[in-house]
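Only one structure is covered here, and it is reproduced in the block below.
The values are calculated or read from the model by the stated rules, or taken from the named source; none is laboratory data. Predicted model only: the values in this text are computed from it and were never measured. Positions of Cβ are backbone-derived with ideal geometry, glycine not excepted, and every protein chain shown enters the neighbour counts. These area figures cover heavy atoms from the full protein model, side chains too; ligands, DNA and RNA do not enter into them. Shrake-Rupley method; radii C 1.70, N 1.55, O 1.52, S 1.80 Å.
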Amino acid sequence: MKIGFVGLGIMGKPMSKNLLKAGYKIVAYDVVTAALDEVVAAGAEKGASPKDVAARAEGVVVTMLPNSPHVKTVCLGKDGIIEGAKPGTLIVDMSSIAPLASQEVAKALKEKGIEMIDAPVSGGEPKAIDGSLAIMVGGKEEHFNKVKDMLLKMGSSAVLCGDIGAGNVTKLANQICVALNIAGMSEAYVLATKAGVDPQKVFDAIKGGLAGSTVLNAKSPMVLEGNYKPGFRIELHIKDLQNALDTAHELGVPIPLTAGVMEMFQALRVDGKAKDDHGGLIQFYEKAAGVKVRKK
Ligand code: NAD
């Protein structure tokens with residue numbers, strides 16, 4: 001099977017390379033030539049546009065793009081997938097976008113006989129590289145079954161959560177949990193540091209207890225060295241929290257803690273830190289408390 005792949009950024013690049021390693025043929029495209037050339041050097045065919053990729057793919061096109069407007073452009077815009085895909089083609093959108101946008105794009109594609117599932121991921125660049133992403137899917141079961149084996153070449157789990165949009169609802173839930181975990185970790189380490197306790201010792205002491213978490217294990221080694229190299233950029237987490245706030249407000253669900261973390265991310269964006277890793281949230285607390293959190 002030849003898979004179309006559009007969007008070769010921090011995540012799409014290693015994900016497409018894992019499909020190549022697993023023996024799939026790929027026709028790829030990205031607006032950034034250097035990214036496309038790197039995936040072509042790894043064995044993919046070079047596509048000229050999303051339309052071209054869709055025309056040359058055999059049944060499945062994966063998209064891994066920043067946000068809803070990019071997915072709309074790539075799927076429905078000029079030289080978009082909709083212009084090249086044969087009826088029956090399945091679009092697997094693995095970007096994290098607004099659930100409502102997934103439903104809108106799927107509806108427009110369906111009018112041309114093109115199917116879609118939303119399949120956003122969690123795990124970040126390290127898990128994209130080692131093929132162990134957690135994949136959360138929305139769509140029809142028959143479409144999920146068609147690509148489940150392929151998804152499991154990029155991830156270690158793929159769960160069908162409901163109909164189209166349910167993958168992105170699940171991803172919003174994931175992003176709320178991650179953001180609040182990072183904020184909790186940041187408050188704790190700033191408090192410990194100002195109280196004169198080595199935050200590395202705090203991490204070592206609490207990671208095996210109830211406060212332990214995947215977030216704590218992944219982010220503590222970074223923040224204790226002042227390393228904010230992304231990973232997952234603050235600007236992308238702002239995008240996800242905005243999608244969470246919009247979706248929640250539309251449904252009549254107040255999410256005050258998410259709103260609080262959003263404002264901290266906004267302050268960091270104004271401070272020129274939008275491209276830092278989201279673990280860099282701790283810089284908001286460091287500034288407020290006048291300390292730097294570093295292991296001793
Ligand atoms: P990225 O910005 O590194 O990559 C996006 C790619 O899409 C870029 O290479 C860009 O050139 C390309 N692109 C944008 N518009 C395009 C167009 N019109 N045609 C073709 N290519 C286009 O982002 P990323 O970190 O790879 O994230 C992708 C998605 O995955 C986002 O929705 C993000 O929220 C989600 N995600 C990221 C991480 C992470 O840790 N980076 C983790 C989980 C989920």
Original post:
What pairs from Lys72/Lys275; Lys46/Lys171; Lys17/Lys112; Lys148/Lys219; Lys201/Lys287 go past 26 Å between their alpha carbons?
Top reply: Lys46/Lys171; Lys17/Lys112; Lys148/Lys219
**OP:** Using a 1.4 angstrom probe, figure out how much accessible area region 170-289 has per residue, in square angstrom, rounded to the nearest whole.
**Re:** 48 Å²
**OP:** Using only alpha carbon pairs under 8 Å that are at least six residues apart, calculate the relative contact order of region 77-224 and give it in whole percent.
**Re:** 19 percent
**OP:** Report, to the nearest 10°, how far helix 12-21 tilts away from the longest principal axis of the Cα atoms in the chain, using its own Cα long axis and a range of 0 to 90°.
**Re:** 60 degrees
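Helix-only estimate, please: 222 nm mean residue ellipticity of the chain, summing -39500 (n - 2.57) across DSSP H runs of length 4 or more and dividing by its residues, to the nearest 500.
-16000 deg cm²/dmol
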Original post:
Can you give the extra length, in nm with one decimal, that the chain gains between Glu187 and Lys25 once fully stretched, where that is 0.36 nm per residue apart less the Cα-Cα distance?
Top reply: 53.6 nm
**OP:** Averaging sequence separations of C-alpha pairs under 8 Å and six or more residues apart, then dividing by the length of the chain, give the relative contact order as a whole percent.
**Re:** 14 percent
Subject >> Convex hull projection area averaged over all views, region 99-206, Cα basis, nm² >> reply: 8.6 nm²
**OP:** Give the angle, between 0 and 90 degrees and rounded to the nearest 10, that separates the Cα long axis of helix 166-194 from the longest principal axis of the Cα atoms of the chain.
**Re:** 20 degrees
Subject >> Accessible area of region 30-109 divided out per residue, in Å², using a probe of 1.4 angstrom >> reply: 40 Å²
Subject >> Within the accessible area of region 1-42 (1.4 Å probe), percent carbon and sulfur >> reply: 58 percent
Subject >> Within region 27-89, trypsin sites (Lys or Arg not before Pro) in DSSP loop having at most 13 other beta-carbon neighbours inside 10 Å >> reply: Lys78
Original post:
Over the alpha carbons of region 2-163, what is the largest minus smallest coordinate on each principal axis, giving the biggest first in Å?
Top reply: 36, 32, 25
Original post:
Relative contact order of region 2-163: what whole-number percent is it, with Cα pairs under 8 angstrom and at least 6 residues apart?
Top reply: 19 percent
**OP:** Please report, as a whole percent, how much of the solvent-accessible surface of region 177-247 comes from carbon and sulfur atoms (probe radius 1.4 Å).
**Re:** 61 percent
Subject >> Average projection area in nm² (convex hull over Cα atoms of region 163-296, one quarter of hull surface) >> reply: 8.7 nm²
Subject >> Distance histogram in 5 Å bins (all Cα pairs of the chain, percent per bin) >> reply: 1, 6, 12, 15, 17, 15, 12, 9, 7, 4, 2, 1, 0
Original post:
Mind ordering 32-44, 146-158 by average Cβ neighbours within 10 Å, highest first?
Top reply: 146-158, 32-44
**OP:** Pull up the DSSP beta bridges for the chain and report the antiparallel fraction as a percent, rounded to 5.
**Re:** 15 percent
**OP:** Using only Cα atoms, locate the centre of region 189-244 and the centre of region 63-117, then give the distance between them in Å, rounded to an integer.
**Re:** 35 Å
Subject >> Pair Leu251, Ala108: separation of 7 Å Cα→Cβ label points (nm) >> reply: 2.4 nm
Original post:
In nanometres, what is the gap between the two model label sites at Val32 and Glu141, each 7 Å from Cα along Cα-to-Cβ?
Top reply: 4.0 nm
Subject >> For the chain, built as a Gaussian network whose Cα springs stay under 10 Å, the top-fluctuating residue of Val253, Val71, Val27 >> reply: Val253
